Amino acid sequence: MKLMKHILLLFMLFTVSVSSANETKALRSSITKDSVSNSLEGKVHLLMKVSSDQVSVDEDLHIEYRFYVSQDIGISSWSIEEDPTYDGFNYETVKLDKLSIEYEMYKGERYRVIVIKKDILRAIESGDIVIKPLELQIEAEVPGKKDIEDGFRLSLTHVTATVISNALKIKVKS
């Protein structure tokens, strides 16, 4: 039984590979259309969770980037292609020692979720400041055609895609 738990955990880590929800009202994730097949559309999301959409100068703001993966998609690798920009803020990236998989409902479906990046921002100027998006390059395995002649064998198709979190506007008061 203990061996089965270890095998299951290794399988889950392999399929998601290493990565991770509350969606703020101004935030949606998007997938670049030129680099992804329709098989990933709506199956992966990169969401920015922010502690507040209003802060004062010299006040901290916590940002967490969560990667949502549908149960039927496997992620073999991911890398941050473009970090978000934090104009108007000083920031510190929180080192993530251990990545763990959580399960959450999102838009009526169950997803595996991994926090892939956490940052602490300190506002240094007032005004409406836009936090630019995080861009993630992923390699995924998606279900292919079922081969009925050979039983219910499932083939997987390898897909490379870019997933982008939307920008977010933060109101900074003096």
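With the other protein chains left in place, how much accessible area per residue, in square angstrom, belongs to the stretch 67-151 at a 1.4 angstrom probe?
Roughly 56 Å² per residue, with all protein chains present.
Taking R0 as 35 Å, what's the FRET efficiency between Ser51 and Gln71 from their Cβ-Cβ distance, rounded to 0.05?
Step by step, r from the Cβ atoms, then E = 0.75.
Tell me the label-point distance for the pair Lys171, Ser79, using the 7 Å Cα-to-Cβ offset, in nm and rounded to one decimal.
Between Lys171 and Ser79, the label points sit 4.1 nm apart.
Run the quick spin-label model on Glu109 and Glu92: label points 7 Å from Cα toward the beta carbon, then report their separation in nm to one decimal.
Spacing of the two 7 Å Cα→Cβ label points: 3.8 nm.
Report, in listed order, any pair from Lys95/Lys169; Lys43/Lys117; Lys118/Lys169; Lys118/Lys173; Lys107/Lys173 with a Cα-Cα distance greater than 28 Å.
Beyond 28 Å: Lys107/Lys173.
5 Å is the cut-off here: which amide hydrogens, built 1.01 Å from N in the peptide plane, fall below it relative to Leu134, excluding neighbours closer than 5 in sequence?
It is Ser165, by chain and number.
The values are calculated or read from the model by the stated rules, or taken from the named source; none is laboratory data. It should be emphasised that the depicted structure is a prediction, and the values quoted were computed from it without experimental measurement. Heads up, the Cβs are rebuilt from the backbone with ideal geometry, glycines too, and the neighbour counts pull from every protein chain shown. Heavy atoms of the whole protein, side chains included, go into the accessibility calculation; ligands, DNA and RNA do not. Shrake-Rupley method; radii C 1.70, N 1.55, O 1.52, S 1.80 Å.
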